[in-house]
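The values are calculated or read from the model by the stated rules, or taken from the named source; none is laboratory data. What you are looking at is a predicted structure, and each value in this text was computed from that prediction instead of being measured. Neighbour counts are summed over all protein chains in view; Cβ atoms, including those assigned to glycine, are modelled from backbone coordinates with ideal geometry. Please note that ligands, DNA and RNA were not included when accessible areas were found on the heavy atoms of the full protein model with its side chains. Shrake-Rupley method; radii C 1.70, N 1.55, O 1.52, S 1.80 Å.
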Amino acid sequence: MIAFIERSYEVHFHTPAFLGNAEQKAQWRTPPIKALLREWWRIRVARQFDYDAAKIRAEEKRIFGSAADANSSQRSRVQLRLSPWDIDDFDAKQQIDSTRILSGKFNVSVGTYLAYGPILAKQNGASRCSLRPESKASHRLDIRLQPDGLGRDPEEVIDWIEDTIALAHRFGAIGSRARNGWGSISIVPSNGSDGRPVKWDEVQRPFSDCMKDNWPHAIGKDEDGPLIWITEKEHPDWKNALKELALARQGINRYGIETPVLPGRGGVLVRHLLSYPVTKHEKTGWTNQQRLPSQLRCKVIRQSNGKYKGLLFHMPALCALDFPLNGTAQAAIWRNVHLKIQENNDFRRLSSDEIKEL
């Protein structure tokens, strides 16, 4: 029997990544990488398991392991090894503080807008250090799959993992505020190839059907193709690519605040469906401890010419909180959000053919 199936990759960071240890200091560690793999593995296999979360969870435990308790814990068949990386203190706030947008009446830093928490608004605030984005340097990632105990053909599992890497390469980001474009990475095979293409038929689903499940399990699509938009402009650095994403999110959020779903004091706004909590726009019955992560995700990509663009894509799901409208009504709201994105001349919708070139 084969002891291990091994694959090696090169990882590049395109924006600062807020990854750290218990002391909140920047640190290059395997857990966030494994979390990224598990996240995109679920999306890769969801269709094969009929979007059944229980079946997917059971298979995920078999491959990636679990540590629930002494009776049900399972060891991982996937082992990760990272190359050493001497981390220096990279202050993302200092780098991006002069890149600003107008938010309401205030001129705010893109860093504060897209990474509030890790980056603080106050001038003397102790913002978190981050991993430095590297335009040239790469970091090696070795993945070893142990066939023993998989319960299925190891070649099928390694195919899943390679497909997962292909997805994470195009859409993945790690660390705090990853959904806002921070920690945007690329992952390519160490052998110099471009890696395998994404099996798009496996990872897309009509966004109205996505509203049947309350967890992110597919990239949405409609009659015009995948719900993926890209910036029209190329940028010389990651900061201006993030600025375009911030401006797009700002326009969407402003529309959400101005548009009521159910009128009246404490009524439901479109903004409550976009993400929660919302500063100064709390929803009656929800607390600040309840969280609704954004379904609209951002990523900064670095092109072969060394310039940067921003991606905005929708991973639809039924609202996981107690929202007063059903999936059909939520899908209608999201369709209007898509139209608002379409009105933004700084972004354009990628066609089904173009996504193959990502």
For LYS212, solvent-accessible area (1.4 Å; no DNA, RNA or ligand), Å² | 140 Å²
Using r as the Cβ-Cβ distance of LYS340 and GLN289, and R0 as 51 Å, what FRET efficiency do you calculate, to the nearest 0.05?
-> 0.95
From the C-alpha gyration tensor of the range 130-279, square roots of 5λ in Å = 34, 23, 15
Counted charge near THR259, where neighbours are those whose Cβ lies closer than 11 Å (Asp, Glu -1; Lys, Arg +1) = +2
Which of the listed residues, HIS12, ALA332, SER83, is farthest toward the dipole's positive end in the chain, when Lys, Arg count +1 and Asp, Glu count -1 at the beta-carbon?
-> ALA332
For the range 212-283, count the residues as N, evaluate 2.2 N^0.38 Å, and divide the Cα radius of gyration by that value, please.
-> 1.40
In whole angstrom, and with the biggest value first, how far do the Cα coordinates of the range 249-291 range along each principal axis?
-> 25, 22, 15
MRE, 222 nm, helices only [DSSP H, n ≥ 4, -39500 (n - 2.57), over the chain, to nearest 500] | -9000 deg cm²/dmol
Of all the accessible heavy-atom surface of the range 207-314, with the other protein chains kept in place and a 1.4 Å probe, what percent is carbon and sulfur?
-> 45 percent
Only loop residues by DSSP count here, and only those with at most 13 other Cβ atoms within 10 Å; note down the trypsin sites (Lys or Arg not before Pro) in the range 89-172 that meet that.
-> LYS105, LYS122, LYS136, ARG152
Starting from the Cα gyration tensor of the range 159-240, take the square roots of the eigenvalues, sort them a ≥ b ≥ c, and report rounded, prolate or oblate (rounded when a/c is under 1.5, otherwise prolate if a/b is larger than b/c, else oblate).
-> oblate
Any idea how far the Cα center of the range 301-349 sits from the one of the range 1-60, in Å?
-> 23 Å
Once the principal axes of the Cα atoms of the chain are found, what is the range along each, listed largest first in whole angstroms?
-> 65, 45, 45
Ranked from highest to lowest mean number of other Cβ atoms within 10 Å per residue, what is the order of the peptides 157-165, 190-198?
-> 157-165, 190-198
Mean accessible area per residue over the chain (1.4 angstrom probe, all protein chains present, square angstrom) is 48 Å²
May I ask you to give the percent of accessible area on the range 55-184 that is carbon plus sulfur, with a probe radius of 1.4 Å?
-> 44 percent
In nm, the gap between the two label points placed 7 Å beyond Cα toward Cβ at ARG144 and GLU234 is 4.1 nm
Descending semi-axes in whole angstrom, ellipsoid equivalent of the range 221-336, from the Cα gyration tensor = 30, 16, 12
Are there any helices in the chain, counted as whole DSSP H runs, that stretch 27 Å or more along their axis by Cα and score at least -1.0 on average by Kyte-Doolittle, and if so which?
-> 238-258
Size of electric dipole in the range 211-341: Cβ of Lys, Arg +1 and of Asp, Glu -1, about Cα centre, debye, nearest 20 = 380 debye
May I ask which of LYS55/LYS356; LYS34/LYS243; LYS34/LYS61 have a Cα-Cα span longer than 18 Å here?
-> LYS55/LYS356; LYS34/LYS243
Convex hull around the C-alpha positions of the range 78-173: the volume in Å³ per residue is 164 Å³
Any idea what the dipole of the chain comes to, in debye rounded to 20, about its Cα centre with Lys/Arg Cβ at +1 and Asp/Glu Cβ at -1?
-> 1060 debye
